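Quick notes on the structure that follows.
The values are calculated or read from the model by the stated rules, or taken from the named source; none is laboratory data. Source: prediction; values computed, not measured. Because the Cβ atoms are built from the backbone with ideal geometry, glycine has one as well, and the counts that use them run over all protein chains shown.
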Amino acid sequence: MSLLECIGAILRAIPAIGAAAVRLDEKHGIDPTSGLRLFDPKSTIRMLDVNQEAEALRAYLWTVDYETLLKLEALMHFGRDRDASFAEKLEYFRRRKEARSDIVRAVLEKVPACGRYLSDAVERLQEEGVDVNSL
């Protein structure tokens with residue numbers, strides 16, 4: 001599975017995850033203006049309800065090979081932060097030897113913002129003349 005296929009899957013999943021979250025909030029009577037609140041019984045019950053769309057993305061990410069997950073995480077951080085090149089970010093994550101579960105969790109925690117990070121990173125790489133398909 002290529003890095004671009006992985007990015008595409010994430011970008012396609014983001015709207016579905018957001019829509020599922022809205023449905024779950026409505027189901028549990030969560031006010032969209034205040035959102036989830038600590039110690040609120042409705043919020044507590046809502047947090048226990050699983051977003052099936054997020055779980056589908058989690059399952060997909062578990063099928064991605066480890067090197068592609070590393071590249072995905074590096075690309076996400078490259079799109080967010082402008083402090084290092086993509087190669088430097090990738091090398092940093094390789095040295096960390098992060099567990100697969102931690103990488104998957106990090107990506108999911110950044111939904112929906114990771115869509116913007118990934119899009120910015122791809123655009124930045126293309127501006128620098130990097131063939132994104134070769135990553």
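The figures follow:
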read-out	value
Selection count where residues are under 14 Å from the mean Cα position of the chain (by Cα), surrounded by fewer than 18 Cβ atoms within 10 Å (Cβ to Cβ) and closer than 23 Å to Trp62 by Cα, scope the stretch 118-133	1
The stretch 47-63, subset touching a residue at least 40 places away in the same chain (Cβ under 8 Å) and of a type in the set (D, E, K, R), residue surrounded by the fewest Cβ atoms within 10 Å (Cβ to Cβ)	Arg58
Count of residues meeting criterion [among the charged types (D, E, K, R) and either in contact with a Pro (Cβ under 7 Å, 6 or more places away or on another chain) or over 16 Å from Ala59 (Cα atoms) (or both)] in the stretch 88-109	8
Lone qualifier among Lys42, Lys71, Lys89, Lys27 - being over 23 Å from Arg12 (Cβ atoms) and either loosely packed, with under 14 Cβ neighbours inside 10 Å or touching a residue at least 60 places away in the same chain (Cβ under 8 Å) (or both)	Lys27
Single condition Asp83 does not satisfy, out of (1) assigned to a loop (DSSP other than H, G, I, E, B); (2) under 19 Å from Ile7 (Cβ atoms)	(2)
Filtered residue count, the stretch 1-51, keeping only those that are part of a loop (DSSP other than H, G, I, E, B) and polar (S, T, N, Q)	4
Selection within the stretch 74-84 - free of Cβ contacts under 8 Å to residues at least 24 places away in the same chain and either among the aliphatic types (A, V, I, L, M) or surrounded by 14 or more Cβ atoms within 10 Å (Cβ to Cβ) (or both)	Ala74, Ala84
Single residue of the stretch 104-116 satisfying the filter (surrounded by fewer than 18 Cβ atoms within 10 Å (Cβ to Cβ) and in contact with a helix residue (DSSP H, G or I) (Cβ under 7 Å, 6 or more places away or on another chain)) that is modelled with the highest pLDDT	Ala106
